[in-house]
Amino acid sequence: MNDDTIRVRVAMMGPTRVGKTTLLTAILTDARKAFAGTKVSVVAANSETEKRIQHNADELRGTLLAGEFKPGMLRGTQTVQEFQMKVSPGVAGEGVLVEFLDFPGRLLHPTLRNEEQWATVQEFLEESTALLLPVDATVLMETFGPQHLHEVPRILRIGAVEEAIRYWAKYRQDVPTEPALIVFAPVKVESYFADNGGDRDLSAQLLARFREVYADVINAARAELPHVRMAYVPVDSLGCVEVESVEWLTDADPGAPEGAIAPEVTYLVRPGKTREVVGAIDILVPLINQVVTLSRQARQEAAQKATAEAIAAIADRDRRRGFWSRVRDSVNGSKQRREVLAADAGLKAQRELARLQEYDEVLSKLAEQPPGDREKPV
């Protein structure tokens, strides 16, 4: 059977222990809530992803049960790893596969970089239509003087993130008809919002500090790629914690200069609270929107019988970058399959056709929903 799955590649960039795997777990958790009550499911698409997400979720449960959490308790990523989540209608060979690349934060440090691993990251960047940048909210917010503020750009690897965005943007310039999305996702923001069990609202201050610290990154992205869409999506990735204490101590991260300091944060688990992720679905929505929008364009293209000049232009795009081509081919294959299912009076065929029709409706509804209350344009 043909595989008409549409693949979306998302490169993740962030310093060591910022919480990239925890953010992916949060996206999966929030997405399952969004698809609850429908026949559409979102699952880990391979055994390695399933293993990593389950391990991360169990580690989180253990620390939360203990009543106290320190980010250092969770193991950081040590190798370049690809995570795959599939939004599936329950019909083999159909769906949207979102591929996230996670890699050790040290690869953003030129003197610590493994060149072979970095080449893998660069290749993935070239094929990605979206970048996901987790941002440690406590690094932005828990600063208590000029010395702490001086350390913030280094800890967040602002210079390296800017360079990676410029590298990615050069490839997106070749295909202006394809999506180009950057999502800045502050994580561990529970202490700064009052909409998920918190007792204070510092969301405006968090946004202002983000804009200040990431101004050069944002300006670089706009200069390189004027049509890029950028969104600020803060996420309660832990779900039920409050900052209890912050100590600025000697930075033990490899590559940190002598005398450098970094915050060590201890979180207190809110009494009687279970983990309630907020905001993560707003990361998935624009990725689904990419697929829905281009799928509609592909159907219109087929219906209108594009001119020879348009076909030649599309073929030229396809040779240079494959996202549009993959979407169009998947849509065409899926269309043929649906025609076969519609002609088959068998119960199984009709059940699969109904699942695919519901899948289209659910994805379209998700893609078109307005941004969440927390999301802000950049």
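The values are calculated or read from the model by the stated rules, or taken from the named source; none is laboratory data. Here the structure is a predicted model, which means the values were calculated and not measured. Don't worry about glycine lacking a Cβ; one is built from the backbone with ideal geometry, like all the others, and counts go over all protein chains shown.
Against the condition modelled with pLDDT of 80 or more, surrounded by fewer than 12 Cβ atoms within 10 Å (Cβ to Cβ) and not in a loop (DSSP other than H, G, I, E, B), how does residue 348 come out, does it pass? When the stated conditions are applied, residue 348 passes them. Screening segment 9-41 for residues that are within 30 Å of residue 329 (Cβ to Cβ) and in contact with a Lys or Arg (Cβ under 9 Å, 6 or more places away or on another chain) and picking the one that is modelled with the lowest pLDDT gives 13. Candidates 224, 242: the one that is under 17 Å from residue 19 (Cβ atoms) and in contact with a helix residue (DSSP H, G or I) (Cβ under 8 Å, 6 or more places away or on another chain) is 242. One residue stands out in segment 49-73 among those that are farther than 17 Å from residue 27 by Cα and in a helix (DSSP H, G or I): the one that is nearest to the chain's Cα centre (by Cα), namely 71. Of the residues 164, 204, which single one is part of a helix (DSSP H, G or I), over 20 Å from the mean Cα position of the chain (by Cα) and surrounded by fewer than 22 Cβ atoms within 10 Å (Cβ to Cβ)? Every option except 204 fails the conditions. Of the residues 16, 22, the single one that is closer than 28 Å to residue 125 by Cβ and part of a loop (DSSP other than H, G, I, E, B) is 16.
Residues in segment 109-129 that are assigned to a helix (DSSP H, G or I) and either β-branched (Val, Ile, Thr) or under 20 Å from the mean Cα position of the chain (by Cα) (or both): 8 in all. All conditions but one from (1) farther than 26 Å from residue 139 by Cα; (2) under 17 Å from the mean Cα position of the chain (by Cα); (3) not basic (Lys, Arg) apply to residue 40; the one that does not is (2). Scanning segment 29-51 for residues that are within 18 Å of residue 238 (Cα to Cα) and in contact with a helix residue (DSSP H, G or I) (Cβ under 6 Å, 6 or more places away or on another chain) returns 30, 31. Scanning segment 170-186 for residues that are over 13 Å from residue 214 (Cβ atoms) and either at pLDDT 95 or above or in a loop (DSSP other than H, G, I, E, B) (or both) gives 174, 175, 176, 177, 178, 179, 180, 181. Within segment 228-265, the set of residues being surrounded by 15 or more Cβ atoms within 10 Å (Cβ to Cβ) and of a type in the set (Ser, Thr, Tyr) comprises 232, 237. Residue pairs whose Cβ atoms lie under 8 Å apart, sitting 6 or more positions apart in sequence or on different chains, and linking a residue in segment 210-239 that is within 22 Å of residue 374 (Cα to Cα) to a partner that is at pLDDT 95 or above and of a type in the set (Ser, Thr, Tyr), are 210/232; 234/192; 234/203.
Quick check on my filter: what residues within segment 7-55 are over 28 Å from residue 324 (Cβ atoms), among the small types (Gly, Ala, Ser) and out of contact with any Pro (no Cβ under 8 Å at 6 or more places or on another chain)? Within segment 7-55, 26, 36, 37, 47 qualify.
The residue of segment 104-142 that is farthest from residue 169 (Cα to Cα), among those that are of a type in the set (S, T, N, Q) and without any contact (Cβ under 8 Å) to a residue 40 or more places away in the chain, is 114.
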